[in-house]
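Report on one structure; see the data block that follows.
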Amino acid sequence: MTSRRTALKATLGLAAGLLTGSAVYGYSFERHRIGLTRVVLPVDDLPEALVGLRIALLTDLHRSRMVPRRDIDEAVTLTLAERPDLVVLGGDYVTASDTAYVDDVADALGRLMAPDGVFAVLGNHDGERSITPALERQGISVLRDARTRLALRGEPVDLVGIRYWTKGTDAITSIFRDAGPTTFLLAHDPRRFPQAVALNVPLVLSGHTHGGQVVLPGFGAPAARKFPVVAGTAHDRRTTLFVSRGVGAVYVPVRLNCPPEVAMLTLARR
């Protein structure tokens, strides 16, 4: 009995030590270890001229006391070094509509540039009346339930951006009315995926999940089980979805088995 108790105490002590060590690592190192994720993204019926088009996706920056300016600057520097054709921003620039950091994050993102432009949508943490003008002052186009037509390598492409709060099928459908066959959707929440599938949208780019932020071995990402895709690529019929793990952190200043990323997406034919 004594040996069993001793063994149990040792096991519990080891488990506690591992958890503590993981938390310290996730707090001190992993949440600041911003990397570049390069993905070849197959898109249904992609025009030949758009094969090889490079899109940078930055999302969920969450500039706050928890996410320092240097992390945002690092993400921007990584993006600029890749020289993407197009930059899209997926929302949640601050946390809980905290206006104290709105101008700061907009200033950091103002360095972004790309031949085909820089476009943004709003996330659930963004105060529409504060973040929108701050981004627009930096030359970033904010798509609030709107569609804009781009000429990418001579091909007409409709870029649609919907806010997190726009969820009704009728409202989303109306934005796509008269859109061309090559349409890309920028939606903060990947739960817009089924609606995009129903509308035959070829490409959806999202964030919001943080990739789970804390991913436990054997359990996955408890905080993100309600999403169709936690991170990475999914396909359904003629629609491709990519979900980025994002840059920042929210609620707890920890990332575990889920490092922050800038996603560099190269389009290919599917």
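Rule-based calculations on the coordinates, nothing more; no lab input. Everything quoted here is computed from the prediction, not taken from an experiment. Here Cβ is always computed from backbone atoms with ideal geometry, including for glycine, and neighbour counts include all displayed protein chains.
Its Cα centre serving as origin, the chain has a Cβ charge dipole (Lys and Arg +1, Asp and Glu -1) of approximately 1020 debye.
The phi-based Karplus calculation (6.51 cos²θ - 1.76 cosθ + 1.60; θ = phi - 60°) puts the 3J(HN,Hα) values of region 245-257 at 6, x, 9, x, 9, 9, 6, 10, x, 9, 10, 9, 6 Hz, whole numbers, x for Gly and Pro.
Proximity of backbone amide H atoms, modeled 1.01 Å from N, is registered between Val142 and Ala120 at under 5 Å, excluding neighbours fewer than 5 places apart on the same chain. Shape descriptor for region 36-153: Rg over Rh equals 0.98 (Cα atoms; Rh from the Kirkwood inverse mean 1/r). Over all other residues within a Cβ to Cβ distance under 14 Å of Leu256, the charged ones net out to +3, with Lys and Arg as +1 and Asp and Glu as -1.
For region 31-95, the fraction of alpha-carbon pairs lying more than 17 Å apart is 48 percent, rounded to a whole number.
Approximating the spin labels as points 7 Å out from Cα along Cα→Cβ, the Thr173-to-Asn124 distance works out to 2.5 nm.
Amide H contacts of Leu53 (H built 1.01 Å from N, in plane; Pro and chain starts excluded): Leu267 sit under 5 Å, all sequence-distant by 5 or more or on other chains. Taking amide hydrogens as placed 1.01 Å from N in the peptide plane, the amide H of Gly35 sits under 5 Å from those of Glu261, Val262, each at least 5 positions away in sequence or on another chain. Ranking Ala81, Ala120, Val243 by how far each Cα lies toward the positive end of the dipole of the chain (charges on Cβ) leaves Val243 at the top. Could you run the Debye sum over the Cα atoms of the chain, one equal point scatterer each and no solvent, and tell me log10 of I(q)/I(0) at q = 0.08, 0.09, 0.11, 0.17 Å⁻¹, two decimals? Calculated log10 I(q)/I(0) at the listed q: -0.33, -0.41, -0.59, -1.34. Based on DSSP H segments of at least four residues, each scored -39500 (n - 2.57), the chain has a per-residue ellipticity at 222 nm of -8500 deg cm²/dmol. The Stokes-Einstein estimate for region 106-173, based on a Kirkwood radius over Cα pairs and taken at 37 °C with 0.692 mPa s viscosity, is a diffusion coefficient of 251 µm²/s. Protection proxy ranking for 40-49, 248-257, using the average of other Cβ atoms within 10 Å per residue and placing the highest first: 248-257, 40-49. Put a dot 7 Å past the Cα of Asp104, heading toward its Cβ, do the same for Thr148, and the two dots end up 2.7 nm apart. Positive-end ranking of Pro68, Tyr93, Gly154 along the dipole of the chain, with charges on Cβ about the Cα centre, is headed by Pro68. Report the calculated FRET efficiency for Glu82 and Phe219 (r = Cβ-Cβ distance, R0 = 41 Å), to the nearest 0.05. Using R0 = 41 Å, I get an efficiency of 0.75. Of the peptides 128-137, 101-110, the order by per-residue mean of other Cβ atoms within 10 Å, starting with the highest, comes out as 101-110, 128-137. Need the C-alpha centroid separation for region 94-150 versus region 184-200, integer Å. Taking the Cα centre of each part, region 94-150 and region 184-200 sit 20 Å apart.
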